Amino acid sequence: MTDQIRLAPGYFRKLATLLLRVIAVADVFYAIINGISLARWGDEVSGSTLATMWIGPIVCALGGLLLWFLSVPLGRLLARGLDESA
């Protein structure tokens, strides 16, 4: 019973990439929900305050998209020392 479990090559890289993409999807989903609520109840606020309120969903959506596209290199960076030791 001293056999060790052999993980597939790149296991931790793939896991890190998957987790980063889940975070990116959650970020975009939050931005969509926040944008819908602003579109629905934004009539109560007008002027520059409303424009400032839209910065949050826009930044969240762009951040989520950026994280999605950078998830492969970031996953490789995060799992750099783990895949060689497995």
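Listing for the model above:
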{"quantity": "One residue from Leu18, Leu62, Leu50 being of a type outside the set (Val, Ile, Thr), at pLDDT below 95 and in a helix (DSSP H, G or I)", "calculated": "Leu50"}
{"quantity": "Total residues in the range 34-47, condition surrounded by 11 or more Cβ atoms within 10 Å (Cβ to Cβ) and assigned to a helix (DSSP H, G or I)", "calculated": "7"}
{"quantity": "Scan of the range 66-84 for residues that are assigned to a loop (DSSP other than H, G, I, E, B) and surrounded by 14 or more Cβ atoms within 10 Å (Cβ to Cβ), ordered by number", "calculated": "Ala79"}
{"quantity": "Failed item, numbered, when Phe69 is tested on (1) under 17 Å from the mean Cα position of the chain (by Cα); (2) at pLDDT below 95", "calculated": "(2)"}
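The values are calculated or read from the model by the stated rules, or taken from the named source; none is laboratory data. Note that the coordinates shown come from a computational prediction; the quantities given were computed from them, not determined experimentally. All Cβ positions, glycine included, derive from the backbone under ideal geometry; neighbour counts span all protein chains shown.
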